[in-house]
Amino acid sequence: MTSSFQLFARRVRSDWKFQYRALRMAVDWVIAIYFVIPLLIVAGYHYYAWYMTPPTWLSGISVHTVATLFYIFTWLGTLRYFVEEGDQLFLRQNEGWFRHLMHLGYRYSVVLQGFTSLLATLFFLPLLVSVYSYSVPQVVCFWLLTYVVKLNLGLIRQLLALRLRGFLLWVLRIVIFVIGVFLFLMLVTEITDQTLYGWIAIGLGIITFALLTRIRLREKGTFFADIARERDARMRIVSLMLIRVMERKRKPTRRYPLLFGKSQRLLKGKGAGIGIAELLVKSYFRNGLQWRQSIQFVVVASGALFILPGAIKILVWILVAVMLVFWRKSFCKDELTTPFLNLFPIKDPMKHQAIQTAIPILVLPALIVISLVAGISLFTWWGPIVMIAAAIPLAYGSSSVFTSWY
């Protein structure tokens, strides 16, 4: 290897080949011919047709809904530096090469983020142009705003992860996400009316990005964190395919659980099914990962329901309940395959009974919060009361339907 640029180019080619092989594992030639290619043809036809003559139902999608989806898009992804474990032995000895490699990887990530932001904007182009009547400067402003926000959020999340750990990092991420949603919605609304504030926001975002870039590239002691981030980014496609296969070790953090520390009874009745249902409920509420993911889901679902129009709001609310049921059902079925429970001769009917008993209890907390926000969005005194009251039969009804089979 004669230069750091050649090393960087080789690593980029290796990453693209790895992602291609990972996709080949999931999409073989049979699926591509009989499903993917026809789907792309149909999607391309509808894209052109909707751009020329948008259907009436597209007008029911508000600008706030599109802005929320784009903000979630800006939250995803990361900025990479293409460093590897072996660099600690050899490349770190040549500080000039190593720093140049990081800068090249960083610039590559910045360009790639701009390209993906452009693709996302083009995907929604029929909605932006044909429904919202965006002009070319407004579309460009919308794309650049998404691009700049995505870059700044990526750097902010990296810097926070390098300096903080645990609960405080988790809380700050949620706070930044919530504040960012409202700011992004406000800016997109201004772009819809006039682009002046959008261009000002883009200029401020570029200045902020330059300052954050200077801080990030001068950060010391980030080698191992960059390696972990690079490994996660490289395995992003493979991890989606192996999400149900990979098993992570559970690290006990407390001698006694924070919730139900005395193992008190939760459910009335006797029998193995009731006992297993209690075990599932306690396992869920003692699982920190489930809590974090549930809070993130509640924030996103509540924000979407708050801005959606009335008719679509009810449909999405029912869909959210169904998603929660399937999510909790998946968690319960995973818990029932733990080595501890495999020690006992528990029959499938008992497991089925336990799942049917536990899932409504696991669904209700998140669904009540989401229903409360949906009720508030109706701007009536009876909205929150009706939605919360309806959440209880919805939780039990959807749980009964979608747990009728094991």
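The values are calculated or read from the model by the stated rules, or taken from the named source; none is laboratory data. In this text, all values refer to a predicted model and were calculated from it rather than measured experimentally. Cβ placement follows ideal geometry from the backbone for every residue including glycine, while neighbour counts extend to all protein chains displayed. Only protein heavy atoms, including side chains, enter the accessible area calculation; ligands, DNA and RNA are left aside. Shrake-Rupley method; radii C 1.70, N 1.55, O 1.52, S 1.80 Å.
Within region 157-169, being open to solvent by less than 50 Å² (accessible area, probe 1.4 Å) and in a helix (DSSP H, G or I) holds for 158, 159, 160, 161, 162, 169.
Okay, residues lined up against (1) modelled with pLDDT of 80 or more; (2) touching an Asp or Glu at 6+ places or on another chain (Cβ under 8 Å); (3) aliphatic (A, V, I, L, M):
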position: 270; (1), (2), (3): no, no, no
position: 277; (1), (2), (3): yes, no, yes
position: 290; (1), (2), (3): yes, no, no
position: 305; (1), (2), (3): yes, no, yes
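Table: residues versus (1) within 26 Å of residue 217 (Cβ to Cβ); (2) at pLDDT 90 or above; (3) among the hydrophobic types (A, V, I, L, M, F, W, C); (4) not assigned by the TED database to the domain that holds residue 13.
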| position | (1), (2), (3), (4) |
| --- | --- |
| 83 | yes, no, yes, no |
| 98 | yes, no, yes, no |
| 114 | yes, yes, no, no |
| 124 | no, yes, yes, no |
| 133 | no, no, no, no |
| 138 | no, yes, no, no |
| 142 | no, yes, yes, no |
| 157 | yes, yes, no, no |
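Just to be sure I understand, how many residues within region 80-123 are over 30 Å from residue 135 (Cα atoms) and among the aliphatic types (A, V, I, L, M)? So the count comes out to 6. Being closer than 30 Å to residue 70 by Cβ and basic (Lys, Arg) is a description that applies to residue 313. Among the residues making up region 186-221, a single one is under 24 Å from the mean Cα position of the chain (by Cα) and without any contact (Cβ under 8 Å) to a residue 24 or more places away in the chain: 186.
Please determine whether any residue of region 94-112 is open to solvent by 20 Å² or more (accessible area, probe 1.4 Å), over 23 Å from the mean Cα position of the chain (by Cα) and under 22 Å from residue 197 (Cα atoms). No, that holds for no residue. Among the residues making up region 72-86, those that are open to solvent by less than 70 Å² (accessible area, probe 1.4 Å) and touching a residue at least 24 places away in the same chain (Cβ under 8 Å) are 72, 73, 74, 75, 77, 78, 79, 80, 81, 82, 83.
Specify which of the listed residues (207, 202) is in the same structural domain as residue 71 (by the TED database), assigned to a helix (DSSP H, G or I) and open to solvent by less than 100 Å² (accessible area, probe 1.4 Å).
From the options 207, 202, the qualifying one is 202.
Residue check: is residue 266 of a type in the set (A, V, I, L, M), open to solvent by 30 Å² or more (accessible area, probe 1.4 Å) and at pLDDT below 85? The answer is yes for residue 266. Pairs are defined by a Cβ separation below 8 Å, a sequence spacing of at least 6 or placement on different chains, a first member in region 336-355 that is closer than 24 Å to residue 404 by Cβ and at pLDDT 75 or above, and a second member that is part of a helix (DSSP H, G or I) and of a type in the set (Lys, Arg); the pairs so defined are 336/351; 355/329; 355/333.
The rows are residues; the columns are (1) farther than 29 Å from residue 204 by Cα; (2) among the aliphatic types (A, V, I, L, M); (3) open to solvent by 50 Å² or more (accessible area, probe 1.4 Å).
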| position | (1), (2), (3) |
| --- | --- |
| 88 | yes, no, yes |
| 139 | no, yes, no |
| 145 | no, yes, no |
| 152 | no, no, no |
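When residue 7 is tested against (1) in contact with a Phe, Trp or Tyr (Cβ under 8 Å, 6 or more places away or on another chain); (2) under 21 Å from residue 125 (Cα atoms); (3) at pLDDT 85 or above, exactly one condition is not met: (2). Residue pairs whose Cβ atoms lie under 9 Å apart, separated by 6 or more positions or on different chains, with the first residue in region 146-171 and touching a residue at least 60 places away in the same chain (Cβ under 8 Å) and under 17 Å from residue 292 (Cα atoms) and the second part of a helix (DSSP H, G or I) and of a type in the set (Val, Ile, Thr), are 157/176; 170/295.
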